[in-house]
Amino acid sequence: MVYYLPVLGAIALAGGTIMERIVLKIKKVGVELYQTASFLAIIISLLPLLYFFWRIDPAAMEPKSIVLFFLVIFFSTIANLLVFYSLKGEKVGNLEPARVLEPLFVILLAIVFSFFAENLYERNFKIIIPALVASLALILSHIKKYHLQFNPYFVAAIIGSFFFALELVISRLVLDFYSPVTFYFLRSLSIFLLSLLIFRPNFKKLDKGVRWQIFLTGIIWVIYRLIIYYGYLKVGVIFTTLLLMLGPIFIYLMAYFILKEKISWQNFATAIVIISSVAYALV
């Protein structure tokens, strides 16, 4: 049953991505406003869960744990700001190759961290090799699809993906001291307050329909992140990342049926490689 949760996370990733495309591209909501509003939606969605799942162990208050937690906040904030900067100056489609680098960064960083905390990160080549193959296939499919332009915006998106990956890998070092709900709430609250301070968005620009769409997207991202954290604790960082790479397959399908986007042969070939990699790791 535990192995199926990251697959549900992949479906949530696809659903959240499609919803974001609708809000940002079709509804024309600004990135600054969307980022702040989406984190507010995430916080509101998490509030009922805190009553049942709030947990902070005494070990979380140790200096080392506090430093690691603030590193997660710092790197996630920098990542969001870099992605915001890149979206301001470049089309979303042109940034896709940078975005899909994140799984590869997570895998490589987890391998490096395994030498310092072997009990927290996998060193099983039966998982590492198919994960690397799947991530490289995902990257190559986007490189062929989009023309790469290494302008400041594209470079910012690459660095943003790296910091998102670094945040995720570091989070595993402190996840044992929090419930996933508590950890994600504190992370999201910190980013929301920083976004509110930096962007000073006008929420009145959002009509009722868009507010509900953002709230629904927030719920989806809550499901996605909680599954990631739970997966890290139960099956490992790299294996969870491999299963989450099924997400693009669901994105292709949802984009085809909802947004009427065509499925290219590159996407089809990538789906075959990812499914084969997951099957190999599960056998």
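No lab work stands behind these numbers, since they all come straight from the coordinates. These numbers come from a predicted model, not from an experiment. For neighbour counting, all protein chains shown are included, and Cβ atoms are generated from backbone atoms with ideal geometry for every residue, glycine included.
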For the range 1-142, just the Cα set please: Rg and Dmax, both in angstrom.
18.0, 46
Calculated diffusion of the range 150-195, Stokes-Einstein form, Kirkwood radius summed over Cα pairs, 4 °C and 1.567 mPa s, µm²/s:
106 µm²/s
Cα-based Rg then Dmax for the range 1-71, in Å, read 16.8, 46
What FRET efficiency comes out for Lys27 versus Phe70 if R0 is 35 angstrom and r is the Cβ-Cβ distance? Round to the nearest 0.05.
0.55
What is the order of Met254, Met61, Met19, Met245, fewest Cβ neighbours within 10 Å to most?
Met61, Met254, Met19, Met245
In bins 10 Å wide, starting from 0, what share of all Cα pairs of the range 211-283 does each bin hold, as a percent?
17, 37, 35, 11, 0
Quick check on the chain: helices-only [θ] at 222 nm, where DSSP H runs of length 4 and up contribute -39,500 (n - 2.57) each and the sum goes over total residues. Nearest 500, please.
-25000 deg cm²/dmol
What number comes out for the charge environment of Asp176, summing +1 per Lys or Arg and -1 per Asp or Glu over other residues with Cβ under 11 Å away?
+1
Pair Tyr4, Asn124: separation of 7 Å Cα→Cβ label points (nm)
2.0 nm
Would you list Trp212, Trp265 from fewest to most Cβ contacts within 10 Å?
Trp265, Trp212
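On a full-extension model of 0.36 nm per residue, what is the gain between Leu50 and Val155, subtracting their alpha-carbon distance, rounded to one decimal in nm?
Details: separation 105, 0.36 × 105 = 37.80 nm, distance 3.76 nm.
Computed gain between Leu50 and Val155 is 34.0 nm.
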Could you give the C-alpha radius of gyration of the range 131-283 expressed as a fraction of 2.2 N^0.38 Å, taking N as the number of residues it contains?
1.21
Please report, in whole Å³, the volume per residue of the convex hull around the C-alpha atoms of the chain.
131 Å³
